[in-house]
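Take a look at the structure below.
The values are calculated or read from the model by the stated rules, or taken from the named source; none is laboratory data. Everything quoted here is computed from the prediction, not taken from an experiment. Positions of Cβ are generated from backbone atoms using ideal geometry, with glycine treated the same way; all protein chains shown enter the neighbour counts. Accessible surface is based on the protein model in full, side chains and every heavy atom, while ligands, DNA and RNA are left aside. Shrake-Rupley method; radii C 1.70, N 1.55, O 1.52, S 1.80 Å.
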Amino acid sequence: MDENVRREIILDHYQNPKNKESITDERYLKANTNNESCIDNIDLYVLIENDVIQDIKFQGEACAISTSSTSIMITNLIGKTLVEAREYIAHFEAMVNELAYDEAILKEGIVYSTIYKQNNRKTCALLPYKGMLKLLKQYDTLKK
Amino acid sequence: MHREDFPMLDQDIVYFDNAATTLKPKCVIDKMVDYYSNYGASAHRGDYDISYKVDQEYENTRELVKDFIHARFLEEIVFTSGDTEALNMIVRGFFENLLEPGDEVLITKSEHASNVLPWFSLAKKNGIQVNYIPLDDHYYVTLDNVKKAITPKTKVISLAYITNVIGDIRPMKEIIHFAHEHNIFVLLDAAQSVGHIKTDVQDLDVDFLVFSAHKMCGPTGVGVLYGKKELLETVEPLLLGGGMNESFDNEQAVYLKDLPTRLEAGTPNVAGVIGFGSAILYLNQIGLDTIADYEKELRTYLIDKLLAIPHLDIINLESDSGIVSFNVNGIFSQDVAYYLNKYNICVRAGNHCAKILKKEVGVANSLRISLYFYNTYEEIDALVELLSDKDKILKEML
Ligand SMILES: Cc1ncc(COP(=O)(O)O)c(C=O)c1O
């Protein structure tokens with residue numbers, strides 16, 4: 001991927017993040033996700049119905065990588081079934097950790113394909129995924 | 001000034017994070033290496049030559065500290081692992097026994113976590129009340145606001161001499177004088193001040209004062225708890241064990257040593273304390289007034305340059321210390337720190353352990369430049385040039 005294109009996509013999602021609004025709707029599950037070693041702090045809100053992700057919103061203050069990664073993750077996850085969502089997350093994590101992954105599944109998510117070169121920013125890219133996994137677990141527990 | 005004394009500066013770095021910790025001059029490092037290489041025995045325990053030398057060096061640092069802060073007695077100087085430990089020792093070993101439910105302690109919203117959380121913990125445990133002295137428009141503490149915040153229940157005022165985000169120097173002498181007229185104790189967190197401005201505990205008449213060696217050219221893991229002798233006498237040790245006891249036979253018969261050893265249980269950080277002595281000698285040689293004057297000049301230079309950059313929001317325009325906190329408009333502070341790091345410039349991003357300050361200032365996170373005497377005008381020029389081009393920041397911060 002061309003470095004300039006990569007940078008533009010990340011900056012665009014950072015400066016104009018999608019789905020960044022707070023939610024008071026009780027049906028949304030909420031989780032906070034933050035990095036211990038830095039100051040990123042993001043709240044995720046998710047609406048799941050019939051095992052399909054209907055909507056996700058987020059709030060908070062975080063760096064360019066965390067914010068853009070959250071915006072991109074949300075864009076890609078809305079409308080997915082839980083099984084598809086977990087698959088997407090697994091591919092994203094594999095990419096960040098330099099394992100085999102499917103570009104087609106990740107779509108714009110591949111802008112972080114070289115993030116492994118900056119060890120201290122890997123956790124930034126993974127931050128929203130940590131929160132998302134927490135939320136999926138929360139949903140599973142509630143369903144039981 | 002004196003850059004050649006600092007081995008870290010042989011590297012190509014610009015170090016602007018002195019409020020977190022300062023660099024160490026070679027004399028301090030050498031002193032510690034000398035201890036470990038040539039007389040690395042324990043203190044207070046041995047009956048042989050090198051152990052005697054350890055005792056001498058260790059106690060020599062106590063003398064140096066005493067003179068450095070102008071304490072009256074040697075016993076008033078207790079070595080701790082740092083500022084944080086010293087604060088906890090006073091809150092738990094002194095105030096916990098003294099304060100009653102409903103008693104009030106006054107702090108501010110700009111205190112460091114180490115001067116907040118021990119009080120919160122005591123509030124939870126003993127039902128004391130933690131109240132805040134309001135900050136003025138510059139986020140300063142004024143004597144007037146102290147007067148307004150005091151109630152008949154106020155028993156302690158616990159403040160930083162210089163805060164680590166705003167960098168304001170508090171008018172402590174006046175505050176302490178007023179507090180004592182109302183039978184209120186004052187605990188001073190001098191972590192950010194001791195290496196930068198002169199400290200005179202007798203002139204201040206402060207009850208307790210704490211600081212860390214590592215923020216004043218000394219090693220990590222060493223701090224000082226100063227207390228007026230008659231108060232320190234009643235501080236209950238949090239740590240019990242070797243070194244601090246006189247004798248013991250059973251639960252009923254435990255006799256503790258006198259100050260200051262009573263409050264220094266266990267084998268202390270001998271190398272650190274000895275190295276700390278060297279740091280004090282070093283600072284004395286340069287002179288704290290020289291340091292303070294130079295820092296002020298540097299700060300003025302930095303502020304003037306930063307003010308000329310339209311996309312910066314400076315949080316503490318006016319302050320007398322070498323601390324400047326600011327944000328680049330629309331860019332998260334940590335991203336700017338990453339960008340500067342690419343040019344080997346070390347600045348701190350975040351909330352700087354002052355998490356309750358954000359409501360007052362309205363921003364949760366910021367960049368912080370904290371200067372010391374080895375920083376230069378050229379370093380500031382390099383920083384300013386990098387900050388002045390916002391497009392470059394956006395382009396290179398990822
Ligand atoms: C104002 C203030 N108080 C307390 C501390 C804690 O010092 P230490 O971490 O050395 O115990 C700091 C250090 O950051 C500080 O700036």
What is the one condition in (1) charged (D, E, K, R); (2) buried (at least 19 other Cβ atoms within 10 Å of the Cβ); (3) over 26 Å from residue B:258 (Cα atoms) that residue B:83 does not satisfy?
(3)
Counting only strands (runs of 3 or more DSSP E) wholly inside segment B:303-398, the ones holding at least 2 residues that are away from chain A (no Cβ under 14 Å) are B:312-314, B:323-328, B:366-370
Does at least one position in segment A:107-114 carry a residue that is open to solvent by less than 60 Å² (accessible area, probe 1.4 Å), farther than 22 Å from residue A:20 by Cα and within 14 Å of another protein chain (Cβ to nearest Cβ)?
yes
Right, residue B:84: within 16 Å of the ligand (Cβ to nearest atom), in contact (Cβ under 8 Å) with a residue 12 or more places away in the chain, of a type in the set (Ser, Thr, Tyr) and under 29 Å from residue B:321 (Cα atoms) or not?
yes
Residues that are under 23 Å from residue B:24 (Cβ atoms) and not assigned by TED's automatic domain parsing to the domain that holds residue B:219: does segment B:313-321 have at least one?
yes
Output the residues belonging to segment B:296-339 that are surrounded by fewer than 22 Cβ atoms within 10 Å (Cβ to Cβ), closer than 21 Å to residue A:14 by Cα and β-branched (Val, Ile, Thr).
B:328, B:331
Residue B:117 vs (1) within 15 Å of the ligand (Cβ to nearest atom); (2) hydrophobic (A, V, I, L, M, F, W, C); (3) in contact (Cβ under 8 Å) with a residue 12 or more places away in the chain: all pass except (3)
Kindly indicate whether any position in segment B:187-196 is of a type outside the set (Gly, Ala, Ser) and surrounded by fewer than 24 Cβ atoms within 10 Å (Cβ to Cβ).
no
If I go through segment B:122-141 residue by residue, how many of them are touching a helix residue (DSSP H, G or I) at 6+ places or on another chain (Cβ under 8 Å) and at negative phi?
13
Among what's in segment B:8-60 and is of a type in the set (Lys, Arg) and over 20 Å from residue B:374 (Cα atoms), pick the residue that is surrounded by the fewest Cβ atoms within 10 Å (Cβ to Cβ).
B:45
Quick one: in segment B:154-195, of everything that is within 19 Å of residue B:216 (Cα to Cα), more than 10 Å from the ligand (Cβ to nearest atom) and assigned to a strand (DSSP E or B), which residue is farthest from the other protein chains (Cβ to nearest Cβ)?
B:188
Scanning for something more than 14 Å from chain B (Cβ to nearest Cβ), in contact (Cβ under 8 Å) with a residue 12 or more places away in the chain and over 14 Å from the mean Cα position of the chain (by Cα), does segment A:53-60 turn up at least one residue?
yes
Per the list (1) away from the ligand (no atom under 16 Å from the Cβ); (2) modelled with pLDDT of 95 or more; (3) small (Gly, Ala, Ser), residue check on residue B:19 breaks on (1)
For residue B:153: the one exception among (1) at pLDDT 95 or above; (2) surrounded by 17 or more Cβ atoms within 10 Å (Cβ to Cβ)
(2)
Please go through (1) away from every other protein chain (no Cβ under 11 Å); (2) among the charged types (D, E, K, R); (3) closer than 12 Å to residue A:67 by Cα for residue A:26 and return the number of the only condition it doesn't satisfy.
(3)
Exclusive hit being of a type in the set (S, T, N, Q) and under 30 Å from residue B:265 (Cβ atoms), set B:131, B:88, B:145, B:183:
B:88
Scanning segment B:36-81 for residues that are aromatic (Phe, Trp, Tyr) and more than 16 Å from the ligand (Cβ to nearest atom), which turns out farthest from residue B:266 (Cα to Cα)?
B:68
